[in-house]
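Report on the structure given below.
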Protein chains: 4
Amino acid sequence: MNFASDNWAGASPRVLDALRRAAEGIAPAYGQDETTQALARRLSTLFEREVAVFLTPTGTATNALALAALCPPNGAVLAHEEAHVIADEYGAPEFFGQGTRLIGMPGVGGKIDIAAIEAAFDRLPAAGSRQPTPAALTLTQASECGGVYSVPEVQALAAAAKARGLAVHMDGARFANAVAALKCTPAEITWKAGVDALSFGGTKNGALMAEAVVFFDPALARDFDWRRRRGGHVVSKARLISAQFLALLEDGHWLDLARHANAMAARLAEGLRTAGHRIPWPTQANEVFPVLPRPLIARLQAAGAAFYEWPTQSLAPEDAPEEDEALVRLVTSFATTPAEVERFLDAAA
Amino acid sequence: MNFASDNWAGASPRVLDALRRAAEGIAPAYGQDETTQALARRLSTLFEREVAVFLTPTGTATNALALAALCPPNGAVLAHEEAHVIADEYGAPEFFGQGTRLIGMPGVGGKIDIAAIEAAFDRLPAAGSRQPTPAALTLTQASECGGVYSVPEVQALAAAAKARGLAVHMDGARFANAVAALKCTPAEITWKAGVDALSFGGTKNGALMAEAVVFFDPALARDFDWRRRRGGHVVSKARLISAQFLALLEDGHWLDLARHANAMAARLAEGLRTAGHRIPWPTQANEVFPVLPRPLIARLQAAGAAFYEWPTQSLAPEDAPEEDEALVRLVTSFATTPAEVERFLDAAA
Amino acid sequence: MNFASDNWAGASPRVLDALRRAAEGIAPAYGQDETTQALARRLSTLFEREVAVFLTPTGTATNALALAALCPPNGAVLAHEEAHVIADEYGAPEFFGQGTRLIGMPGVGGKIDIAAIEAAFDRLPAAGSRQPTPAALTLTQASECGGVYSVPEVQALAAAAKARGLAVHMDGARFANAVAALKCTPAEITWKAGVDALSFGGTKNGALMAEAVVFFDPALARDFDWRRRRGGHVVSKARLISAQFLALLEDGHWLDLARHANAMAARLAEGLRTAGHRIPWPTQANEVFPVLPRPLIARLQAAGAAFYEWPTQSLAPEDAPEEDEALVRLVTSFATTPAEVERFLDAAA
Amino acid sequence: MNFASDNWAGASPRVLDALRRAAEGIAPAYGQDETTQALARRLSTLFEREVAVFLTPTGTATNALALAALCPPNGAVLAHEEAHVIADEYGAPEFFGQGTRLIGMPGVGGKIDIAAIEAAFDRLPAAGSRQPTPAALTLTQASECGGVYSVPEVQALAAAAKARGLAVHMDGARFANAVAALKCTPAEITWKAGVDALSFGGTKNGALMAEAVVFFDPALARDFDWRRRRGGHVVSKARLISAQFLALLEDGHWLDLARHANAMAARLAEGLRTAGHRIPWPTQANEVFPVLPRPLIARLQAAGAAFYEWPTQSLAPEDAPEEDEALVRLVTSFATTPAEVERFLDAAA
């Protein structure tokens, strides 16, 4: 019963098959191979415009390099206060940006509140200031807390950002889950809504390892390739990553996998609610955040369920756990089985 | 007929099988999995002492992070003037070291000359200088030019370095080829000879992607894990890399693959010499550097042979190509077939 | 009527005389001169122990270099949310620390609240975290908002920091004003209270330009001199700065100047309060923060008074300005005259 | 008898007077003052075009910040192999450039050989390379070895650089000495000859401390001010530096001082040559590099002469010192007296 993380899973069989096929024969290294070039074309088709694509080995590299490319030397980045770039990436954005400042924004369910952004713009340093000045907004889609920004929400946030000259980045480590949930096209939730660059994650979606930065305006990518190479982020046998991405994108496999993960999360949420447990944030993608009694948590873990407690800082006060409760995170993936979910719900009943 | 690079090959079938098996089931991410822990134990056994092991996604990351960990803020690195860290890594060592200076050392066949090192120490800035001061020596084993440092050579260079307080790093992107050629133990050519940290490359050896830093004195690795994580260099499904390494190390598979590549290179060198071509640098591992007439080069490429011309800066003057000649590099790998080699030699006759 | 900043003033005549004398004759550069060596001895006497002293050209350099020296690669710095290092130093601490994260702490009057620190330690990432981990605490003495930490307050904050392994830095751009206000010895408010390194500012105190980092434990300064030189922060004619410091320290001139500035501020505060104006934060050094009606502000400026409005984020809600009011900052200096103060108070009456 | 360095001298009396006057009264900080604005206008007049001027506290900061502004992330800098940026600046250019690589160029007398530059362009990595690619050329004027680039020499070097897309920087720590020697206008030897940015040094010329970057194309300075402020390189009482510069520039005082220093060097060179000593490099500014017998060196130092031995790496082989000789550097300044020079020559006879 793995609900600890979607990167605890292995890989979809179709990805593994593609990887094995890609490993055959001989191909130029460092991305000059045909598979990598096919992926670039495939992503331009998927996003309905010419895009610039750069493979990277990790989501942290993807985000940090993209933000460094979008920010001038005095740039600061606005991110949700629980965003991965702030809470889980070991200072990588600051490091690659030569000191970029990250500014945490509040919002329920890991989604930045539009009013908070507006207020921040009134309060935060502007051009000419002695502080790093907001130069980019990053939206985590799906969010760290299981939320999904709707197309109008992204439009509104991006418009507010662009009105002040900020670039807009989307951390899509769980992009597939968001697109599957939104039932929109990838173009609609990205550049058509104002996103300039996307960290497109395949690893949590069903690859062993597949991450990329997608720039919708190739001009923004001017220095990017050097930054990526200088960062030691170009896998020599690049077809390894490209082939996995192509397998995900073939016949909508990526969305099938994401829909499955989302459905497992929805079933978990429904079952937990039925059993009387509170779930403060909406379950919109593949993560469920119930408040559970500590004795139950212990029992579930003893029964073999893997999952983590979660910080409560972004909870509304009325949602805060009682003394003997905790907020926990349950993550589902392409590999989660209905049987696992039912077993968990039985144990939680 | 791929002689362009050993990273144009795919992967050994045993590595692919291991990768597929590793992809099954569920395991903790970021290196907390059992496969990664088994690899750490396996490497301690291989090197005959407790080592600290850190997986990385690329050779460039491996070298740059290791050198950054070995150098204080005022440190410079001595490397062969054709070393990968100087010529092929996009300034990564300078970037991760916050400005580390690289100082090129001469030497035949890509191997630093011990006399050049001694002379450099007399000439180069020492403690109290206004310039970055040598703090680490890096040796590429096997070298960029097909050479292999013998155990006494590493001992002498490391002793000279340590006498001046430098740390010793070994860039082992082709470590397997060197160990196979030397017929020594991994311990003998590393820490027993004075090496403090090794970039252990599995990718060119037969993995799809497997690189690691091995610290022989874990105290030197104090800050390393943070540097690696801050660099975005921790693949979440770490078992992906660990399983490949374990497959290489099982039953000496890594050395079998390297011996094969080395033998293919030796056969190429022998055949080219028989055909009357000069090979200025000794062929000690899996790279051959003949001087070929340009018309022949054109014919070979037309026949489907992939290989690169190579800069001649490190050639002795008497070895320099004539007007209508060029120095070329032929790289063999675990995937090179005897038939390919003979086909190339036939075309070159 | 300059109440805009204490760095709008020129220099004390005694400092100017010393500078002129120092400019005579010939002396070694880069700090090897006798004046600079005399200063080091003088500061060891002043602080009642052997200290390591490093001159720097600006307060920003002083703070950024000191914090970079105190923080390991994964270190974060706790500072008051209105501290100069956060609000006014152009991202220098992040830059020199290769990405150091600054974490703002609340507290009235620009002084970090001990309870906030304790709460932060419970909430903030600790060793092993995926976020930069607090490694240093910096206290601004006197604070940006006119407050002064008492000896017991510094002791308590430093003890809390040290109990978690943090180093303690004091930003003493207005150190003289604080010492003069506290009537304690420089040793008592620094290392005897737990401070590891001090940014000792002479510029606002009456020098043209005199700043230094003082390390109370020279071992902490190991890499510092290189960092300072690499930062381009060593003025070649170092006696220029040293002579100014020595002139300030001679016969307690620095404290005389600071006492004067503090007295001018006290008089301003008393007069404003008498005139019925609110002053939310205590006036403990050389800055006064009254809430004034906007029409009065306009009148004062028309009368030739220079001063700035101040952000209200750290005000208690009950102290917030009304619609037609603003919080302003009035800074006095060694050069402020009683006549200026009275003229201002007359205009404000 | 100070011939150790021109920064061992104090300051011209006119500079000191100006400094004292500037220290009077009250003025805005951080460069918003009238003196600093007058300097910007004065420099635009001096250089016969609109220039962007940024004061800095040290020559090292000036060079490092200017080169960082001129280089993209993959940029390398070509500099004479004995240039201050390589040999004496503690790695500052690499640090501020986030890893900028410096590439040493040969040339007699500290001046880059145009043929060496042309050869380097054939050999060095170009766009698309895996190495940092030359993006800027820096010329030291006057050079570290007492040479001065003529206007046609700067034109030729700058043209060669610009033909390959490099920006051209001039390190003018001794710019006054060069202009005085060349009898040209400041415009002729800078932007009219192809220079994009100048490190304009006033400290060695007769100021206590006055350095600035002058950009001839303000567009190149886009990010510069932030870089400078983030570097902690803005002295708060900026009028301190500006007033010194204005005093130097008034009535050609800077050139008078430089002419004096140059004349003292010429007299030294003439006297030493008459006494039979070799001077391998031409004496074109305020530095003389004789080869002297070691016993004489000892005698001179015993007699109170301060000077340094100098590395011989850039000497032509036929100029190398014999066993019992050494190359020494004698630097003159505005403060050098004819009596000192004659005393030295007497002792050297």
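Annotations
- Cβ-Cβ distances below 6 Å connect the following pairs, each with a first residue in the range A:267-282 that is in a helix (DSSP H, G or I), a second residue that is polar (S, T, N, Q), and a separation of six or more residues or different chains: A:A269/A:T283.
- Close pairs from the range C:26-43: first at positive phi, partner surrounded by 17 or more Cβ atoms within 10 Å (Cβ to Cβ), Cβ under 7 Å, at least 6 apart: C:Y30/C:V234; C:Y30/C:S236; C:Y30/C:A238; C:G31/C:L55; C:G31/C:V234; C:G31/C:A238
- Complete set of residues in the range C:69-94 that are at negative phi, within 11 Å of chain D (Cβ to nearest Cβ) and open to solvent by 10 Å² or more (accessible area, probe 1.4 Å): C:D88
- All of (1) at pLDDT 95 or above; (2) within 14 Å of chain D (Cβ to nearest Cβ); (3) open to solvent by 10 Å² or more (accessible area, probe 1.4 Å) hold for C:D223 with one exception: (1).
- Check on B:N7, in a helix (DSSP H, G or I) and open to solvent by less than 10 Å² (accessible area, probe 1.4 Å): no
- Residues (out of contact with any helix residue (DSSP H, G or I) (no Cβ under 8 Å at 6 or more places or on another chain), surrounded by 13 or more Cβ atoms within 10 Å (Cβ to Cβ) and either part of a loop (DSSP other than H, G, I, E, B) or hydrophobic (A, V, I, L, M, F, W, C) (or both)) located in the range B:321-330: B:P321, B:L327
- When D:F245 is tested against (1) in contact (Cβ under 8 Å) with a residue 40 or more places away in the chain; (2) within 14 Å of chain C (Cβ to nearest Cβ); (3) part of a helix (DSSP H, G or I), exactly one condition is not met: (2).
- Checklist (1) under 16 Å from the mean Cα position of the chain (by Cα); (2) buried (at least 24 other Cβ atoms within 10 Å of the Cβ); (3) more than 10 Å from chain B (Cβ to nearest Cβ) applied to A:T60, failing item: (3)
- Restricting attention to the range C:303-320 and to residues that are within 14 Å of chain D (Cβ to nearest Cβ) and aromatic (F, W, Y), the residue that is least open to solvent (accessible area, probe 1.4 Å) turns out to be C:F307.
- Hits in the range A:52-82 (condition: over 21 Å from B:R228 (Cα atoms) and in a strand (DSSP E or B)): A:A52, A:V53, A:G75, A:A76, A:V77, A:L78, A:A79, A:H80
- Filtering the range B:331-344 to residues that are open to solvent by 30 Å² or more (accessible area, probe 1.4 Å) and either touching a Lys or Arg at 6+ places or on another chain (Cβ under 6 Å) or part of a loop (DSSP other than H, G, I, E, B) (or both) leaves B:F334, B:A335, B:T337.
- Number of residues in the range A:95-132 that are within 7 Å of chain C (Cβ to nearest Cβ), outside any helix (DSSP H, G or I), at negative phi and crowded, with 21+ Cβ neighbours inside 10 Å: the value is 2.
- Filter result for C:A298 (at pLDDT 95 or above and part of a helix (DSSP H, G or I)): yes
- The numbered conditions (1) open to solvent by less than 50 Å² (accessible area, probe 1.4 Å); (2) closer than 20 Å to B:S143 by Cα; (3) in contact with a helix residue (DSSP H, G or I) (Cβ under 9 Å, 6 or more places away or on another chain) are all true for B:R267 except (1).
- The range D:83-94 - residue that is of a type outside the set (G, A, S) and part of a helix (DSSP H, G or I) and, of those, nearest to A:Q98 (Cα to Cα): D:E94
- A count restricted to the range A:208-220 and to residues that are closer than 21 Å to A:R41 by Cα and within 9 Å of chain B (Cβ to nearest Cβ) stands at 1.
- Enumeration of residues in the range D:10-30 that are more than 7 Å from chain C (Cβ to nearest Cβ) and open to solvent by 50 Å² or more (accessible area, probe 1.4 Å): D:P13, D:R14, D:D17, D:R21, D:Y30
- C:A302 meets the stated requirement of being without any contact (Cβ under 8 Å) to a residue 24 or more places away in the chain, of a type outside the set (D, E) and within 30 Å of A:R123 (Cβ to Cβ).
- Within the range A:31-49, the residues that satisfy the criterion of being open to solvent by 40 Å² or more (accessible area, probe 1.4 Å), part of a loop (DSSP other than H, G, I, E, B) and either at pLDDT 95 or above or away from chain B (no Cβ under 14 Å) (or both) are A:E48, A:R49.
The values are calculated or read from the model by the stated rules, or taken from the named source; none is laboratory data. The structure presented is a predicted model; accordingly, all values stated were derived computationally and were not measured. Note that we place each Cβ from the backbone using ideal geometry, even for glycine, and neighbour counts take in every protein chain shown. Side chains included, ligands, DNA and RNA excluded: accessible areas come from the protein's heavy atoms. Shrake-Rupley method; radii C 1.70, N 1.55, O 1.52, S 1.80 Å.
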